Structure formats: structure tokens, C-alpha cells
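A quick write-up on the structure given underneath.
Each value in this text was obtained by applying a stated rule to the coordinates, not by laboratory testing. Since the structure is predicted, the reported quantities are computational estimates derived from the model, not experimental observations. So basically every Cβ, Gly included, is an ideal-geometry build from the backbone, and we count neighbours across all protein chains shown.
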Amino acid sequence: MNGPMALMLLATVSMASIPNARAADPVVRAPAAEAATSGKTTIGIEFGPEYFALDSDSHQAGDWSDNTLKLSVSHAFDKGWLLGGYFQTTFKPSDQYQYYGEGSLGYRFRFERFSLTPSVALGYTWDSTGITMDGQKNSDALYYALYLAGDLKLSESWTWNVFNLRYRNAFDTTWETPKAATGLTFAMDPANSVYVNFGYSWKDSGEGLKGDKINAAFGFKHAL
């Protein structure tokens with residue numbers, strides 16, 4: 001089992017140590033909190049820089065790699081199901097761009113102030129992807145992704161996004177790109193919130209899993 005997959009397993013198991021997540025009553029719904037999020041459609045925008053995590057022949061650790069801009073939409077159903085999607089543009093040096101389109105389905109488990117959200121996704125990336133298939137550089141790729149997010153509500157306004165774990169890989173080639181992130185969200189009112197998160201990603205393009213990028217992201221969400 002590689003490091004990022006172990007992280008996802010460890011995060012799931014560690015939920016047993018959180019107060020109020022009792023084995024006898026594993027899913028304790030918080031009606032007031034659920035009413036505030038269920039049945040709503042939320043749109044969002046996020047921007048952030050990414051930096052190289054390790055030294056290589058072409059750059060040093062900490063050098064700027066690219067900027068990302070993400071537009072997202074999601075809908076929370078009354079029973080806890082979540083349907084979402086996003087479109088992302090990655091702005092690379094020398095006027096190169098990589099694009100992502102992704103759709104996801106997840107379910108939010110509530111443990112009073114803590115929530116755990118696993119989800120699955122299908123996506124497509126194209127243009128300057130950096131992916132090589134059949135000798136063709138910058139190949140387009142269809143991929144799948146598994147996510148696990150854990151959030152702890154600190155107060156009416158503040159939420160600690162304790163972890164957001166991702167395992168992602170292409171269907172037709174090796175493109176393992178796991179990621180782990182943490183952050184904070186501030187709710188300005190019931191409809192609007194801002195957030196910041198910090199993440200570390202790995203990559204395996206066939207030569208083994210190595211540290212890839214460090215990122216910071218700043219976002220805004222509005223519930224319709």
C-alpha cells in the first residue's frame with residue numbers, strides 16, 4: 001500500500017477517537033446543521049498558486065510551478081447525498097494551459113459537529129497535460145478519483161477542514177496523483193463563505209511515486 005492510500009485508511013480509522021462518534025451510535029445526525037446545508041445548490045470559485053515540492057534538473061523545491069482557477073457547483077440532497085462538478089484551468093509557464101472537467105457523487109456522514117464525506121469522481125484532462133501515452137506527449141486522459149473529507153465545526157462561523165484526501169489515476173496510463181490538504185472555512189452568513197487550504201500532492205508517471213507540488217488555495221462559495 002502506497003503512502004497516500006495509507007493516509008486515507010488511517011484517516012478513516014482515526015475517526016473512532018473523536019468524541020461523540022460512539023460505536024453504539026455511529027451516525028448521530030445534527031438536525032439544525034443538516035437543515036442549513038441539505039437541499040441547497042452551491043456555486044464556488046477558487047484560485048491558488050502551486051510550487052514544486054522537490055528539486056529536479058529544471059527547478060528547485062519551492063519554485064513557482066503554476067496557478068489554478070476552479071469553478072465548481074454542487075447540490076446537497078436531503079438524505080445526505082452530494083452531487084458536484086468542477087471545471088479547472090491550470091495556467092503554466094510559456095502560455096501553456098491544462099484543463100480539467102470532473103463530476104462527483106458523495107455521501108456526508110454526520111457525527112454532531114464532525115462530518116465525514118467519501119466520494120467518487122470521473123474526470124477528463126486535456127491540452128498541456130504532461131501525460132505521455134503511446135509515445136504522444138501531452139495526451140488527453142480520462143481518469144477516476146476517490147476522495148475522503150473530514151470537517152469539524154468549531155463554531156457557528158468557523159469550520160476546520162481537517163483533511164481532504166484524494167487518490168487519482170488515469171484509466172489508460174499511469175498517472176497516480178494523490179493529494180492531502182487541510183484548511184479553514186469562515187461562514188460570513190448562511191449563504192456565503194470563504195476558505196483557505198494548503199495541500200501536498202504526489203505523482204507517479206511510471207517511475208515511482210514522488211513528491212510533486214505544494215499549493216495554497218483561496219476560495220468563495222455561495223449557496224443559492
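Starting from the Cα-Cα distance between Ile45 and Phe218, subtract it from 0.36 nm times their residue separation and give me the gain in nm to one decimal.
Working: separation 173, 0.36 × 173 = 62.28 nm, distance 0.86 nm.
Computed gain between Ile45 and Phe218 is 61.4 nm.
For the stretch 119-224, GluC sites (Glu not before Pro) are listed when DSSP marks them as loop and at most 11 other Cβ atoms sit within 10 Å of their Cβ; the list is Glu156, Glu207.
Once you charge only the Cβ atoms, +1 for Lys and Arg and -1 for Asp and Glu, what is the size of the charge dipole of the stretch 31-116 about its Cα centre, to the nearest 20 debye? Could you put the intermediate results ahead of the total?
Values: 7 positive and 11 negative charges, 130 e Å.
Dipole size: approximately 620 debye.
Calculate, in whole percent, how much of the Cα-Cα pair population of the stretch 119-224 lies beyond 20 Å.
Numbers: 2811 of 5565 pairs.
Tail of the P(r) past 20 Å holds 51 percent of the pairs.
A Förster distance of 22 Å, applied to the separation of the beta-carbon atoms of Asn192 and Tyr99, puts the FRET efficiency at 0.20. 3J(HN,Hα) couplings calculated from phi for the stretch 145-153 with the Karplus curve 6.51 cos²θ - 1.76 cosθ + 1.60 (θ = phi - 60°) are, in sequence order, 8, 10, 10, 9, 10, x, 10, 10, 7 Hz; Gly and Pro show x.
Could you pull out the trypsin sites (Lys or Arg not before Pro) across the stretch 99-154 that fall in loop regions by DSSP (anything but H, G, I, E, B) with no more than 14 other Cβ atoms inside 10 Å? Sites meeting the loop and neighbour criteria: Lys137.
Neighbouring Cβ atoms within 10 Å as the yardstick, rank Tyr195, Tyr144 fewest first. Could you put the intermediate results ahead of the total?
On the way: Tyr195 18, Tyr144 14.
Ordered from fewest to most neighbouring Cβ atoms within 10 Å, Tyr195, Tyr144 come out as Tyr144, Tyr195.
Let's see if you can work this out: charge +1 on each Lys and Arg Cβ, -1 on each Asp and Glu Cβ, no other charges. What is the dipole magnitude of the stretch 87-224 about its Cα centre, in debye to the nearest 20?
On the way: 13 positive and 14 negative charges, 82 e Å.
Charge dipole of the stretch 87-224: 400 debye, to the nearest 20.
Among the listed pairs Lys92/Lys221; Lys179/Lys210; Lys40/Lys153; Lys153/Lys213; Lys40/Lys213, which have their C-alpha atoms separated by more than 23 angstrom in this model? Let's see the in-between values first.
On the way: Lys92/Lys221 25 Å; Lys179/Lys210 11 Å; Lys40/Lys153 19 Å; Lys153/Lys213 28 Å; Lys40/Lys213 33 Å.
Violating the 23 Å limit, Cα to Cα: Lys92/Lys221; Lys153/Lys213; Lys40/Lys213.
Computed from backbone phi, the HN-Hα couplings of the stretch 206-213 come to x, 10, x, 7, 9, x, 10, 9 Hz, rounded to whole numbers (Karplus: 6.51 cos²θ - 1.76 cosθ + 1.60, θ = phi - 60°; Gly and Pro given as x).
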